[in-house]
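**Q** Got a structure for you, written out below as structure tokens; questions coming shortly.
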Amino acid sequence: MEHNHDHKECNSCSCGDNPEDLTFFLEIDDETIECEVIGIFEANGKEYIALAPLDSDDVIIYGYKETGDDYELIDIEDEKEFENAAAVLDKLLDEE
């Protein structure tokens, strides 16, 4: 799994109202990366979103917050929090 601490997220969706059906376009270091949403999940009372870049086998995890009809992707600054979220995601994917 990939985790990038030092970027600005600038995203948009390509279709639909359900975030799990969306393609995100992330702007990371002046590069646009198209990602598929793997899923939105909870770990330790917080919501996260897992994204898979279409041209890579990596998975990117962000904090996720819905605000009305919009959403926000939040960088995970704490390494322990990231490791916990990644472990929960791994467990969820193994169950599928």
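The values are calculated or read from the model by the stated rules, or taken from the named source; none is laboratory data. For clarity, every value in this text was computed on a predicted model and none was experimentally measured. A quick note on method: Cβ atoms are made from the backbone with ideal geometry, for glycine too, and the neighbour counts reach across all protein chains shown. Heavy atoms of the whole protein, side chains included, go into the accessibility calculation; ligands, DNA and RNA do not. Shrake-Rupley method; radii C 1.70, N 1.55, O 1.52, S 1.80 Å.
**Q** Condition first: touching a residue at least 12 places away in the same chain (Cβ under 8 Å), open to solvent by less than 80 Å² (accessible area, probe 1.4 Å) and within 17 Å of Glu66 (Cβ to Cβ). Now tell me which residues in the range 39-56 satisfy that.
**A** Within the range 39-56, Gly39, Ile40, Phe41, Ala43, Tyr48, Ile49, Ala50, Leu51 qualify.
**Q** Quick check, is Asp70 surrounded by fewer than 17 Cβ atoms within 10 Å (Cβ to Cβ) and touching an Asp or Glu at 6+ places or on another chain (Cβ under 8 Å)? Break it down stepwise before answering.
**A** Details: surrounded by fewer than 17 Cβ atoms within 10 Å (Cβ to Cβ): yes; touching an Asp or Glu at 6+ places or on another chain (Cβ under 8 Å): no.
Considered against the rule, which asks whether it is surrounded by fewer than 17 Cβ atoms within 10 Å (Cβ to Cβ) and touching an Asp or Glu at 6+ places or on another chain (Cβ under 8 Å), Asp70 comes out as no.
**Q** Next up: Can you tell me which residue in the range 57-67 is farthest from Phe82 (Cα to Cα), limited to those that are assigned to a strand (DSSP E or B) and open to solvent by 20 Å² or more (accessible area, probe 1.4 Å)?
**A** In this case the residue turns out to be Thr67.
**Q** So, in the range 77-96, of the ones that are open to solvent by 100 Å² or more (accessible area, probe 1.4 Å) and in a helix (DSSP H, G or I), which residue ends up modelled with the lowest pLDDT?
**A** By that ranking, first place goes to Glu95.
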